[in-house]
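Here the structure is laid out as structure tokens; the discussion comes afterwards.
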Amino acid sequence: MIEETLEKLRQLVAERLDINRPLAEIGADVPILGGGLNLDSLALVGLVSATEQVFEIEFGEGELNMDSFASLRSLAKVVVELRAKAARTAAS
């Protein structure tokens, strides 16, 4: 589940964000901020919005932090957790 989510996130970054990097150069563990993908605040907002749309989730205040957005792998883990939580809520 993490790997599938990670691949979708890599595609999302390559296709929807203006970072001028091909998919092959977007690694799972590259930092999203700083010297990695080097997203500015506008691109980060775009990533949050696109992630919510693609995965049909909503980030809460608890997920909007540096740990969640440290890398695409860490973001994928958060997305999987949020999707599982939403599925449990829907099943109740």
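In table form, for the structure just shown:
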| item | result |
| --- | --- |
| The stretch 5-28: number of residues that are more than 12 Å from the chain's Cα centre (by Cα) and farther than 18 Å from L42 by Cα | 6 |
| Whichever residue in the stretch 32-47 is of a type in the set (G, A, S) and not in a loop (DSSP other than H, G, I, E, B) and, among such residues, is surrounded by the fewest Cβ atoms within 10 Å (Cβ to Cβ) | S41 |
| Counted residues, the stretch 9-31 - those being part of a helix (DSSP H, G or I) and touching a Ser or Thr at 6+ places or on another chain (Cβ under 9 Å) | 2 |
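Per-residue answers, yes or no, for (1) at pLDDT 95 or above; (2) touching a helix residue (DSSP H, G or I) at 6+ places or on another chain (Cβ under 6 Å); (3) assigned to a helix (DSSP H, G or I); (4) not polar (S, T, N, Q):
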site: S49; (1), (2), (3), (4): yes, no, yes, no
site: E52; (1), (2), (3), (4): yes, no, yes, yes
site: E61; (1), (2), (3), (4): no, no, no, yes
site: V79; (1), (2), (3), (4): yes, yes, yes, yes
site: L82; (1), (2), (3), (4): yes, no, yes, yes
site: K85; (1), (2), (3), (4): no, no, yes, yes
site: A90; (1), (2), (3), (4): no, no, yes, yes
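The values are calculated or read from the model by the stated rules, or taken from the named source; none is laboratory data. Predicted, not measured: the structure shown is a model, and the values here were computed from it. Backbone-built Cβ (ideal geometry, glycine too); neighbour counts: all protein chains shown.
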